[in-house]
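Enquirer: Let me begin by handing over the structure; questions about it come next.
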Amino acid sequence: MKLKMTLLAAAISALAATGCERSEQSQAPEQAAQNKAQQATAAADSKPAEQTDPEAIARAKQMFEDFFQEHLDRSPEFKTFLGIKEDYGKWGDISPEFEKETLEINKRQLAELDKLDPAKLDDATRLSLKLYKRNLEQDIEGYKWRLHSYPVNQMYAAHTSVASLLINQHRIDSTGDAEAYIARLSALPAHFAQLQENLEARAEAGTIVPKFVFPYVISDGENLISGAPFDDGDDSTLLADFKGKVEKLEIPDEQKAELIERAKTAMLEKMQPAYRDLIAYLKELEKRATTDDGAWKLADGDDFYNFRLGVYTTTDMTADEIHETGLKEVARIHDEMRAIMEEVGFEGSLQEFFEFMRTDEQFYYPNTEEGKKQYLAEATDIINTMKGHLDELFITKPEAELTVKAVEPFREKSAGKAFYQRPAPDGTRPGIYYANLYNMADMPKYQMEALAYHEGIPGHHMQLSIAQELEGLPKFRKYGGYTAYTEGWGLYSELVPKEIGFYKDPYSDFGRLAMELWRACRLVVDTGMHSKKWTREEAIDYLVENTPNPKGDVVKAIERYIVMPGQATAYKVGMLKIVELREKARKELGDQFDIRAFHDTVLANGAVPLDVLEELVDEWIAETKRR
């Protein structure tokens with residue numbers, strides 16, 4: 001679990017125009033593109049030009065880019081993510097000294113931004129200034145909680161993220177790129193040594209990931225040093241990746257063979273010892289771990305958890321308020337599920353219906369390679385069908401492509417149910433919707449629609465790709481994010497297709513409700529564990545009783561919420577705010593309300609905190625009324 005990230009880390013994870021004229025619904029593609037290019041600066045039109053200072057605006061924009069670049073220069077991994085092949089053979093510095101340097105950089109940047117006069121800026125630049133300062137202030141505040149994080153957990157960990165980066169983001173287009181790959185393999189001992197020091201510092205401060213995590217992360221590490229060249233099995237995950245990439249190079253076969261042999265040597269002499277040392281340390285650390293799961297167990301745990309709730313929800317809601325909201329939403333959704341239960345003619349209690357949905361074979365693909373291929377094909381079809389309806393809902397649409405992939409075998413046992421990876425800004429990598437097909441019993445057919453809409457279209461792919469492609473938006477906003485906004489949009493995107501006629505199968509509509517119920521229950525169990533001292537078992541029992549999800553799905557989810565305190569609350573809080581703002585706009589605008597323009601208002605500024613989103617929607621409502 002990373003604490004509130006630096007602006008750079010926020011961009012890794014981890015997400016300005018307002019209303020548009022109704023006549024734009026039938027505009028030509030080239031006009032739509034022109035509108036898109038104007039969006040990031042359109043908000044400035046509401047302020048008379050004579051009240052702004054062009055030099056002050058230019059200076060502020062340059063500071064945003066310079067400050068972003070300053071952080072970018074300190075992260076080889078983020079450069080790779082952006083497709084920049086600088087420091088291509090390196091890993092980032094994760095030492096305490098580097099972390100302290102980052103804090104001082106943030107303080108200096110904030111002091112320089114404080115010198116800017118917001119009154120001299122146009123609306124769009126003033127918003128960027130507000131967001132940059134807010135992010136820096138939160139980063140600075142979060143520094144005191146730096147030892148409350150779990151750098152190695154089953155959701156994301158340094159020893160698996162390095163492999164994921166090499167496989168998914170480290171392109172090999174030349175021999176130099178291959179050399180950089182080998183250099184990264186060779187640099188793993190030093191990188192993992194820093195990681196061990198960080199884990200020990202946390203352990204001494206009382207921050208050790210709960211005991212249940214260790215088998216997952218140890219297994220993940222062992223998986224990465226299994227197979228050739230480490231033993232006589234098939235090629236290991238990284239060797240297979242390196243070979244596949246090198247074979248595509250247009251170089252002599254002898255040169256390819258030499259590169260592959262050098263990679264094998266680096267794996268045997270550098271990578272394998274690094275993983276073995278880390279695994280040995282984790283096995284010793286496991287002996288010191290406890291079964292206490294909540295953030296309350298950490299030093300000043302209640303204050304830490306409240307900070308995390310603020311970071312993730314971008315609100316001042318208390319744990320008790322979030323818990324009560326969850327209970328009310330669970331009750332409402334249960335009532336809607338009972339209506340579907342009656343529609344399909346099921347006789348019995350809601351819990352009995354849940355059990356039927358968990359266990360009846362009609363709702364699951366077989367846990368075979370063929371079953372997994374069927375799932376991926378169906379998920380792709382769902383997304384392609386939705387693509388054909390985007391004009392009904394959106395003015396601005398992403399240019400980046402989207403593909404559906406299964407989570408890679410080396411991490412599928414511990415990874416989450418589904419997630420999304422942004423496309424490369426330069427277009428060399430599409431957006432990816434990852435489905436975890438390790439156990440098909442955890443991936444029911446009736447949830448496929450909602451899951452594809454959330455992770456793909458119109459969910460994360462729409463929101464994150466549009467943000468990256470917006471012209472004139474500072475880089476820190478293109479690649480940054482706020483979980484309540486990003487995940488709130490993802491959950492809202494599960495609802496929107498229902499409103500235009502999707503989920504025709506009542507079981508699929510039940511799946512939509514099941515996904516929403518899942519997020520409502522998160523409000524209850526996250527606050528229950530981290531604030532009310534529920535045990536892992538109590539939280540598991542609550543989800544089993546109140547959701548139709550399979551037991552394996554439930555266990556994996558609760559374990560996720562344990563290592564990421566507060567994160568799970570952002571989804572429903574964000575969705576509720578987006579729906580609230582939409583209904584407010586619909587009520588105030590009446591016949592003037594245009595769902596496409598509302599969605600543009602939500603998406604065309606990139607990710608923003610929920611209070612800022614409310615301001616933007618209010619401005620759009622007022623502007624629309626003046627027309």
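Enquirer: Scanning the stretch 394-452 for residues that are within 16 Å of the chain's Cα centre (by Cα) and among the small types (Gly, Ala, Ser), which turns out nearest to Gly221 (Cα to Cα)?
Expert: Ala415
Enquirer: Further question: So which of Glu179, Glu200 ends up being of a type outside the set (A, V, I, L, M), surrounded by fewer than 17 Cβ atoms within 10 Å (Cβ to Cβ), over 30 Å from Gly427 (Cβ atoms) and in contact with a Leu (Cβ under 9 Å, 6 or more places away or on another chain)?
Expert: That would be Glu200, the only listed residue that is of a type outside the set (A, V, I, L, M), surrounded by fewer than 17 Cβ atoms within 10 Å (Cβ to Cβ), over 30 Å from Gly427 (Cβ atoms) and in contact with a Leu (Cβ under 9 Å, 6 or more places away or on another chain).
Enquirer: I would also like to ask the following. Please verify whether the stretch 139-150 includes one or more residues that are over 29 Å from Glu559 (Cβ atoms) and not assigned by TED's automatic domain parsing to the domain that holds Tyr433.
Expert: Within the stretch 139-150 (the criterion being over 29 Å from Glu559 (Cβ atoms) and not assigned by TED's automatic domain parsing to the domain that holds Tyr433), the answer is yes, since at least one residue qualifies.
Enquirer: Listed residues Glu204, Glu200, Glu137; which is within 30 Å of Met63 (Cα to Cα) and not β-branched (Val, Ile, Thr)?
Expert: Residue meeting the stated conditions: Glu137.
Enquirer: Hey, among the residues in the stretch 304-355 that are assigned to a helix (DSSP H, G or I) and small (Gly, Ala, Ser), which one's nearest to the chain's Cα centre (by Cα)?
Expert: Gly310
Enquirer: Let me ask something additional. For the stretch 164-174, does any single residue satisfy the condition of being among the acidic types (Asp, Glu) and outside the structural domain of Lys79 (by TED's automatic domain parsing)?
Expert: The answer is yes; a qualifying residue exists.
Enquirer: Right, something else. Inspect all residues belonging to the stretch 328-350 and state whether any of them is modelled with pLDDT of 95 or more and either closer than 15 Å to Met529 by Cα or not assigned by TED's automatic domain parsing to the domain that holds Gly480 (or both).
Expert: No, because not a single residue in the stretch 328-350 is modelled with pLDDT of 95 or more and either closer than 15 Å to Met529 by Cα or not assigned by TED's automatic domain parsing to the domain that holds Gly480 (or both).
Enquirer: Hey, Phe419 hits all of (1) modelled with pLDDT under 95; (2) crowded, with 19+ Cβ neighbours inside 10 Å; (3) touching a strand residue (DSSP E or B) at 6+ places or on another chain (Cβ under 9 Å); (4) not β-branched (Val, Ile, Thr) but one; which does it fall short on?
Expert: (2)
Enquirer: Of everything in the stretch 496-506, what is assigned to a helix (DSSP H, G or I) and over 16 Å from Met448 (Cβ atoms)? Give them in sequence order.
Expert: Answer for the stretch 496-506, where residues must be assigned to a helix (DSSP H, G or I) and over 16 Å from Met448 (Cβ atoms): Val496, Glu499.
Enquirer: Continuing with the same structure: Do we have Lys264 as surrounded by fewer than 14 Cβ atoms within 10 Å (Cβ to Cβ), modelled with pLDDT of 95 or more and in a helix (DSSP H, G or I) here?
Expert: Here the answer is no, as Lys264 does not meet what is asked.
Enquirer: For the stretch 401-416, enumerate the residues that are of a type in the set (A, V, I, L, M) and at pLDDT 95 or above.
Expert: Leu402, Val404, Ala406
Enquirer: With in contact with a Lys or Arg (Cβ under 8 Å, 6 or more places away or on another chain), hydrophobic (A, V, I, L, M, F, W, C) and outside the structural domain of Leu495 (by TED's automatic domain parsing) as the only criterion, which of Val617, Val608, Val579 stands out?
Expert: Selected residue: Val617, the only one of Val617, Val608, Val579 that is in contact with a Lys or Arg (Cβ under 8 Å, 6 or more places away or on another chain), hydrophobic (A, V, I, L, M, F, W, C) and outside the structural domain of Leu495 (by TED's automatic domain parsing).
Quick grid of which residues meet (1) touching a helix residue (DSSP H, G or I) at 6+ places or on another chain (Cβ under 8 Å); (2) over 27 Å from His191 (Cβ atoms); (3) of a type in the set (Gly, Ala, Ser):
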site	(1), (2), (3)
Asp234	yes, no, no
Thr265	no, no, no
Lys287	no, no, no
Thr291	yes, yes, no
Gly301	yes, yes, yes
Tyr312	yes, yes, no
Thr315	yes, yes, no
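Enquirer: Inspect all residues belonging to the stretch 75-82 and state whether any of them is surrounded by fewer than 16 Cβ atoms within 10 Å (Cβ to Cβ) and either out of contact with any Asp or Glu (no Cβ under 6 Å at 6 or more places or on another chain) or part of a helix (DSSP H, G or I) (or both).
Expert: No, because not a single residue in the stretch 75-82 is surrounded by fewer than 16 Cβ atoms within 10 Å (Cβ to Cβ) and either out of contact with any Asp or Glu (no Cβ under 6 Å at 6 or more places or on another chain) or part of a helix (DSSP H, G or I) (or both).
Yes or no, residue by residue, for (1) closer than 30 Å to Asn605 by Cα; (2) under 27 Å from the mean Cα position of the chain (by Cα); (3) surrounded by fewer than 19 Cβ atoms within 10 Å (Cβ to Cβ):
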site	(1), (2), (3)
Met357	no, no, no
Glu361	no, no, yes
Gln374	no, yes, yes
Ala377	no, yes, yes
Ile382	yes, yes, no
Met386	yes, yes, no
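Enquirer: Moving on to the next point. Considering only the stretch 588-602, I want to know if a residue exists there that is within 15 Å of the chain's Cα centre (by Cα) and surrounded by 24 or more Cβ atoms within 10 Å (Cβ to Cβ).
Expert: The answer is no, given that none of the residues of the stretch 588-602 is within 15 Å of the chain's Cα centre (by Cα) and surrounded by 24 or more Cβ atoms within 10 Å (Cβ to Cβ).
Enquirer: Follow-up question, since we're still on this one. Give the stretch 409-451 a look and list any residue that's in a loop (DSSP other than H, G, I, E, B), polar (S, T, N, Q) and over 25 Å from Arg171 (Cβ atoms), or say none.
Expert: Ser414, Asn439
Enquirer: Still on this structure: Do any residues in the stretch 322-345 that are within 25 Å of Tyr312 (Cβ to Cβ) have Cβ atoms under 9 Å from those of residues that are of a type in the set (Asp, Glu) and at pLDDT 95 or above, where the two are at least six apart or on different chains, and which pairs are they?
Expert: Going by the 9 Å Cβ cut-off, the qualifying pairs are Ile322/Asp526; His323/Asp526; Gly326/Asp526; Glu329/Glu516; Ile333/Glu516.
The values are calculated or read from the model by the stated rules, or taken from the named source; none is laboratory data. Worth saying up front: this structure is predicted, and the values here are computed from it rather than measured. In this analysis, Cβ positions are derived from the backbone assuming ideal geometry, glycine residues included, and neighbour counts consider all displayed protein chains.
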